[in-house]
Amino acid sequence: MALKDIKSMTLSELCADFTDNSIEKYRAKQVYEWIKKGVSSFDEMTNISLTMREVLKRKYIFYDVQIEKKLVSRKDGTVKYLFGLFDGGFIESVLMKYKYGYCVCISTQVGCKMGCVFCATGKDRFLRNLYPSEMISQIQKIQNDNNIKVSRVVMMGMGEPLDNYDNSLRFLKLVSSEDGLNIGMRHISLSTCGVVDKIYLLAREKLQLTLSVSLHAPNDELRNKIMPINRKWSIGDIIKACRYYAENTGRRISFEYAMIDGLNDKKENALELSRLLKGILCHVNLIPVNSIDESSFKKSTTNKIREFCDVLIDNGVNTTIRRTLGPDINASCGQLRQRIMVEKEQ
């Protein structure tokens, strides 16, 4: 009989499962309290008898993450984590501190299928989807390591959350549950490069999270050069899906736009983008692109980014420039994992 992933279960599911296995229902609440604290094994559950722990080990398994490497920025205190997985894989997460509190950027896959040319993760082959338990564990490990309470989560690390749709949806249910970490949906952002069919599905869930769409270009010609997914779903397809999402959830869409020098940062690009987004409940986040060894792309100059921002604002598009965090520790997703994998192969 296959062991069940206990950290991917809700409290009500665990209660029902305990009852089906003739285990006292109150035990489920005891166990769930320990799970919420981020324990990695039944042996850490000190108020449960040794006999009962052995029973639980025969029925359930922990898919957890372990800290392999940790880098702390001397410039702003951003912390980057490399986590090891049960099967030998690696993922990354980032802890960021803002005025409102702590935010964690988590991964949803080991590697990524999307192949965006300016992304370090996109240079690595896709290995597998993460389980909901592994997503939750990233937050718990970071909380426990820093003795803090995380108040916001962004699903913007390694991988495409909507390509791991069912597990991502289960994670959202767990992380927002009052029985779990109790982080409200309005404090969670999910980033997608434009998996259009799943955007429609997510809209029908009517969750109150923020959908962040990695657009990075105002037309198909430019986007085809940097984002292979655009050959499957065009910008027109994405914009149509985003309008549907905003209308059905009442939530503002966040469009991510990586500023790449000489490619998508011209005034005419900004004007075209403002026309594209006209009438959509949205916000544009301009991001100075991160330089990676395998790419010739460089970030736009500060002046170009400001001019691009001004054009959008002048044309009625709510726009901000993202503050770069952790530049001295390669805080963008995929870079640390990539370096460790190269070291292991040498």
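Name the residue that is nearest to residue 309 (Cα to Cα), counting only residues in the stretch 194-234 that are part of a helix (DSSP H, G or I) and among the β-branched types (Val, Ile, Thr).
Ranking the qualifying residues of the stretch 194-234, first place goes to 226.
Restricting to the stretch 65-116, what's the tally of residues that are under 21 Å from residue 214 (Cα atoms) and not aliphatic (A, V, I, L, M)?
Qualifying residue count, the stretch 65-116: 12.
Consider the stretch 154-184. How many of its residues are β-branched (Val, Ile, Thr) and in a loop (DSSP other than H, G, I, E, B)?
1
Can you confirm whether residue 115 is on the phi > 0 side of the Ramachandran plot, assigned by TED's automatic domain parsing to the domain that holds residue 85 and over 13 Å from the mean Cα position of the chain (by Cα)?
Considered against the rule, which asks whether it is on the phi > 0 side of the Ramachandran plot, assigned by TED's automatic domain parsing to the domain that holds residue 85 and over 13 Å from the mean Cα position of the chain (by Cα), residue 115 comes out as yes.
Look through 313, 321, 292, 305 and report the one residue that is at pLDDT 75 or above, assigned by TED's automatic domain parsing to the domain that holds residue 78 and touching a helix residue (DSSP H, G or I) at 6+ places or on another chain (Cβ under 8 Å).
321
I'd like the full set of residues that are among the polar types (S, T, N, Q) and either modelled with pLDDT under 95 or touching a strand residue (DSSP E or B) at 6+ places or on another chain (Cβ under 9 Å) (or both), limited to the stretch 218-268.
Selection gives 249, 254, 264.
Under 8 Å between Cβ atoms, at least 6 apart or on separate chains: pull out the pairs that start in the stretch 148-162 with a residue that is in the same structural domain as residue 80 (by TED's automatic domain parsing) and under 19 Å from residue 125 (Cα atoms) and end on any residue that is assigned to a strand (DSSP E or B) and of a type in the set (Gly, Ala, Ser).
Sorted first by the residue in the stretch 148-162, then by its partner, the pairs are 156/189; 156/191; 156/212; 157/93; 161/191.
To keep it simple, each residue is scored yes or no on (1) under 30 Å from residue 232 (Cα atoms); (2) assigned to a helix (DSSP H, G or I); (3) not basic (Lys, Arg).
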residue	(1), (2), (3)
113	yes, no, no
118	yes, no, yes
126	yes, no, yes
136	no, yes, yes
142	no, yes, yes
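Testing residue 248 on (1) within 17 Å of residue 209 (Cα to Cα); (2) part of a strand (DSSP E or B), one condition comes back false. Which one is that?
Failed condition: (2).
Does the stretch 27-43 contain at least one residue that is buried (at least 18 other Cβ atoms within 10 Å of the Cβ), in contact with a Cys (Cβ under 7 Å, 6 or more places away or on another chain), modelled with pLDDT of 95 or more and outside any loop (DSSP other than H, G, I, E, B)?
Taking every residue of the stretch 27-43 in turn, at least one turns out to be buried (at least 18 other Cβ atoms within 10 Å of the Cβ), in contact with a Cys (Cβ under 7 Å, 6 or more places away or on another chain), modelled with pLDDT of 95 or more and outside any loop (DSSP other than H, G, I, E, B).
Under 26 Å from residue 64 (Cα atoms) and either without any contact (Cβ under 8 Å) to a residue 60 or more places away in the chain or surrounded by fewer than 18 Cβ atoms within 10 Å (Cβ to Cβ) (or both): which single residue out of 199, 139 fits that description?
Testing whether each residue is under 26 Å from residue 64 (Cα atoms) and either without any contact (Cβ under 8 Å) to a residue 60 or more places away in the chain or surrounded by fewer than 18 Cβ atoms within 10 Å (Cβ to Cβ) (or both) leaves just 139.
Going by the conditions given, is residue 281 surrounded by fewer than 20 Cβ atoms within 10 Å (Cβ to Cβ) and in contact with a Lys or Arg (Cβ under 6 Å, 6 or more places away or on another chain)?
So residue 281 passes the test.
With respect to residue 129, determine if the residue is of a type in the set (S, T, N, Q) and either on the phi > 0 side of the Ramachandran plot or without any contact (Cβ under 8 Å) to a residue 60 or more places away in the chain (or both).
yes
Which residue, of 286, 273, is crowded, with 21+ Cβ neighbours inside 10 Å and assigned to a strand (DSSP E or B)?
That would be 286, the only listed residue that is crowded, with 21+ Cβ neighbours inside 10 Å and assigned to a strand (DSSP E or B).
List the number of the failed condition for residue 101; all other conditions in (1) within 22 Å of residue 191 (Cα to Cα); (2) surrounded by 14 or more Cβ atoms within 10 Å (Cβ to Cβ) hold.
Condition not satisfied by residue 101: (2).
Looking for whichever is in contact with a Phe, Trp or Tyr (Cβ under 6 Å, 6 or more places away or on another chain) and either touching a residue at least 24 places away in the same chain (Cβ under 8 Å) or over 21 Å from residue 144 (Cβ atoms) (or both) here; the options are 99, 57, 37. Which one fits?
57
Among the residues of the stretch 9-26, write down those that are at pLDDT 95 or above and either assigned by TED's automatic domain parsing to the domain that holds residue 133 or in contact with an Asp or Glu (Cβ under 9 Å, 6 or more places away or on another chain) (or both).
9, 10, 11, 12, 18
The values are calculated or read from the model by the stated rules, or taken from the named source; none is laboratory data. Please read these numbers as outputs of a predicted model, since none were measured by experiment. Cβ atoms come from the backbone with ideal geometry, glycine included; neighbour counts cover every protein chain shown.
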